[in-house]
Structures are given as C-alpha cells and as structure tokens.
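Comments concern the structure below.
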Amino acid sequence: MGQGGESAAQVRGDGRPSPSPTPAEKADPIAAVGRRLSLSTAEVVRLRAVAAAVPLHTKVRSAQKDDAAVALLLLVDQACAAPDYATLGKGWFYPDSRMEYRRRLHDVFTCAASRARQLASAAHLTERLKAVAAEDSPKKAATDLTALICATFIDEIGAGKGKGTPTSEWRPNLPAVRAALAAELLTPLRALTECDLTSTMGGSPVPSAAIDHVVADISAAVVAGRYSGTVDSWVYSNPGAKTQLAGLSLDAMRGWVFDDRVRHDDMGDLTTVDESGLGVFWATKIGGPSHGFDYEGQCLLPLVSNARHKVILVQDPSWPHHHPVGRAHFRLLHFEDGRTPVLWMETMNVDFRANGIDDGKFLAAAIAHAAAKAEKMGVALSLDTYAKRTAQQVIESRAELWAKGATLEVRQDRMVLRPSVGVVEASDYLSHKHDWVQTVEETTHEMRRLVYTPASAAKKEGGDGGEL
C-alpha cells in the first residue's frame, strides 16, 4: 500500500479514519486533499490550478466555480472513511445517529474489511490525482479531473456490477455529484447498492431484480441532478409517480411537489421543511432506526423513491450539528374511495443524541407545517389521535379558519395505497407488517385517526365523519 493511501486513512494516528472536513479544510480544499493523500507541494499547486480551470457547468443552475475543488475534498473524505457494506451487509449493529457517521469512531469504520477498502480507495485516488497533476494540457487536465470525480463517486457507491441500469447509461455532472457529496450521500447510496435488500424485516422475500433497478435509477438520478425538486424530476415523473399522483389538481400537484420551508418564530425559532430532496436519505437516522439505510435498507426505499412520500424535518437553532434533529414521515395518500387525496403524517422522531434539546414543540411545529400544506393544496390532513391535544392547540388557535368552515374530528378511515415505486412500503401505522412488498394497489385496515379538513377541502373530502 502506498504512503498516500495510508496517510489518508490514518490522519488521527490511531488507526481510525479522519473525521469529516473542518471549516479550515473546506477553506482550502485542495491543500486538504494534499495533506490527506500525502501529495507533494508541487502536485497540490498544480491540482489547485487545474480545479480552478474546470469550466462552470452553465446548464446547471446550482453550478459553482469551486465545484471541482470542494467535490474532490468531499470525495476523498467520504471514500476513505465509509464502511465496506459489500462485506458487512445490513444489520442492527450500525450507528443510529448521523453524528456518529461524521465522527467515525464506531467499529464499522475501523474493522478490517472497511480499513482495507478505505486504504484501497485512498491509493486509487492518489494514483489518479498524480496523473492529473502531471498532465501537460490544462484543458485535458481539467476534463480528466471532472471525469475522475464523477466516475470515482459512481464506483465508490458500488454501482454497476450487473445490477440495474448500466452505469454507461448514466449522465453524471459535476455540480450534481458535488451536491450529493455535500449531502454526504456516498455512504447511504453505497449501503442501498451493496446491502442485500431482498427480504423484509420479517423474512418475507423481496424481488431482487426490481430492487436493483430502483436503486440504480435513484443513484443515476442523483448524479445527473434530476432526483427531485421539480415536476419533471425523477421522483415525480417516473411511471409509478404518475400513478401515485393521478387525479390531483394542478394547484395540489404544485403544492405537494414544492418543498415548503417554514420558520416558527413562536416555537423557539424552529424551522420545518417537507423534504423530498437529498435530505431524505439521512432522515431515518433521526430517531427510530429500523428504516435506516444500513439497518433495514429496503424500508428506506419508499421514502427515497415514491412521489407520494416526503418527510417533515425539524431544525433547531440550539442543535449545533448542522443537520435536522427531528423528523416525521409525511405521505400523500387517498381515502377509501380511491379518489380523494389526504395528507398523512406519522409520529415525531428525535435524534437519539439530542440530549438537553427541548423537543416539546417539535410535534406542534410539524403539525402547523402539515396543516398549512393541506390548506394550500385543498386536501385533508390525517394525524394520529395521540396528537389530538397538540393539534387542537395549533389548528384551533387560527380562528379565521373555522369561520370559513374548517373541521377537526376523530374518525375511522381506510387508506388506499397505490403501488410503491420502491417495491416495498414500510410503516408501523399503515400496517402491522412493518415492511412488505407493495407492487399492487392496496387498501389498509380501518384506523382511528384525527382528521383536519380545511375549508378549501371541505367540499372535496370523502369518508365517514365522527365527533371529536
């Protein structure tokens, strides 16, 4: 093993992968790459010039001048620290908080299999970067660096190898790969690609070919920058998505697709967002771990592939770790008539490491967010009855809504689940199964729920009513 690879994987000097890049490293990413890979001063100077010469991807709105330099640092960092899922597989022995994946102190980062792969990744990157630095043509060097970053990311997540859509058909671009690395997606995408997702938590079989295809389609969309965020992105435009969203009005469609961000000044300056973008991949590392990408990865597929599925994330300014601290699954389903849409929100989960955080207002903030979404879309909102008191406080405080005919009531409902693009569905609330293959339309058992019907939905909503 070359000196460069060893240095990259042992910065701490104790045999553990280095932690995530510091602000100082991000300020001069190429110098940080040089230190991590033991490149010479001349090679660092040359690579800095090459990265600066990479042309701006003018067709991508999010493109930035430092895409190459920052993407390279994040790629080196994540590739030289990620677990070897091809060997370890999925299981309940992984960390249950995103913080632990950044600190990299857990055994899954330091075991023999993971260390060997990290060192091999470091050696490969060192060799390739030395070749780029030695290239005489500035234009070719810039092209080679861009190709290196994109191709190495795809290789590091374990894509290809005869599974799903061939990577030769993918259309990666540098801004999209940088965005994926900034969202720390190398690890979750590798887990989804390399872990065996062909059985449910209960041991029932899941069709492997279908899983391979959907995981490859997700990864291909991520590196092409067309995963989510617009009506024509992959999440909202694949054939299964069109089935899930069929029958929505144009206003309701736009209201659902757009990820609203709300600041709650009266709730400790909490911020909520109904996330359908790259943040969904880490959402299930907040609280209840069973849907985590390396615990029971098949359980994450509904969230990251279904147009009907988002997650409400809660950000708290008192939480210093730069990622959400609370989350609640958030779906667009249909009442039993199969035509009337309804927003469905599940329980609030809080990061297991959020010691000392006052999470008392997280549920209220999420309900306020979901209710506003329902009002904008003109659909009902279904909540668990345990949230009755909080919902009453949040929703009934808005007197102007009741003057217009809004209602809040407990009722018995069945939900229609249109086929899942992610092959499986996973929910402790929609079924007792936890996760199950859901490739055909299903109707759930009858459930007692708290339903808020805004005035904008009162004339459209179906189902039997009840008294609160």
message = Just to confirm, what accessible area per residue do you get for region 30-126 at 1.4 Å probe, in whole Å²?
response = 42 Å²
ask   = Which whole-number percent gives the relative contact order of the chain, counting Cα pairs below 8 Å spaced six or more residues apart?
value = 13 percent
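For His322 and Lys161, what does the FRET efficiency come to when R0 = 30 Å and r is the distance between their Cβ atoms, rounded to the nearest 0.05?
With a Förster radius of 30 Å, E is 0.35.
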request  = Please work out the average accessible area per residue across region 184-317, using the 1.4 Å probe convention, and give it in Å².
outcome  = 32 Å²
remark   = In nanometres, the difference between 0.36 nm per residue of separation and the alpha-carbon distance of Ala131 and Thr230 is 31.8 nm
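Taking R0 as 25 Å, what FRET efficiency do you get between Cys111 and Asp196 from their Cβ-Cβ distance, rounded to the nearest 0.05? Can you show the working numbers first?
On the way: r = 18 Å, r/R0 = 0.73.
E(calc), rounded to 0.05, equals 0.85.
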ask   = Which entries in Lys90/Lys130; Lys65/Lys130; Lys310/Lys404; Lys26/Lys130 show an alpha-carbon gap greater than 24 Å?
value = Lys90/Lys130; Lys310/Lys404
Percent carbon-and-sulfur accessible area, region 330-369, ignoring ligands, DNA and RNA, probe 1.4 Å = 42 percent
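Quick check for you: with a 1.4 Å probe and neighbouring chains kept, what is the accessible area per residue of region 361-424, in Å²?
Numbers: 2270 Å² over 64 residues.
Accessible area per residue, region 361-424: 35 Å².
What's the ranking of 34-40, 342-348 by average number of surrounding C-beta atoms within 10 Å, highest first?
Values: 34-40: 19.3, 342-348: 23.1.
Highest mean packing first, the order is 342-348, 34-40.
First compute the accessible area of region 167-249 with a 1.4 Å probe, then give the percent of it belonging to carbon and sulfur atoms. Present the calculation step by step, with values, prior to reporting the outcome.
Values: 1610 of 3060 Å².
Carbon-and-sulfur percentage of accessible area, whole number: 53.
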query = Arg103 versus Ser204, label points 7 Å from Cα toward the beta carbon: distance in nm?
reply = 3.8 nm
ask   = How many angstrom separate the Cα center of region 212-263 from the Cα center of region 367-438?
value = 20 Å
key: Helical segments meeting 27 Å axial Cα length and Kyte-Doolittle -0.5 threshold in the chain (DSSP H)   = 112-134
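For Lys139 and Gln64 in one chain, what is 0.36 nm times their gap in residues minus the Cα-Cα distance, to one decimal in nm?
On the way: separation 75, 0.36 × 75 = 27.00 nm, distance 1.83 nm.
That pair, Lys139 and Gln64, stretches by 25.2 nm at full extension.
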note = So the FRET efficiency between Lys404 and Ala24, C-beta based with R0 = 45 Å and rounded to 0.05, is 0.25
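Run through region 238-295 and list the chymotrypsin sites (Phe, Trp or Tyr not before Pro) located in a DSSP loop whose Cβ has at most 15 other Cβ atoms within 10 Å. Don't jump to the answer; show the numbers that get you there.
Values: sites: Trp256, Phe258, Phe281, Trp282, Phe293, Tyr295; in loops: Phe258, Phe293, Tyr295.
Listed in order of number, the matching sites are Phe258.
The values are calculated or read from the model by the stated rules, or taken from the named source; none is laboratory data. All figures in this text were calculated on a predicted structure; none of them were measured in a lab. Virtual Cβ from ideal backbone geometry, glycine too; neighbours counted across all protein chains shown. Accessible surface areas use protein heavy atoms only, side chains included; no ligands, DNA or RNA. Shrake-Rupley method; radii C 1.70, N 1.55, O 1.52, S 1.80 Å.
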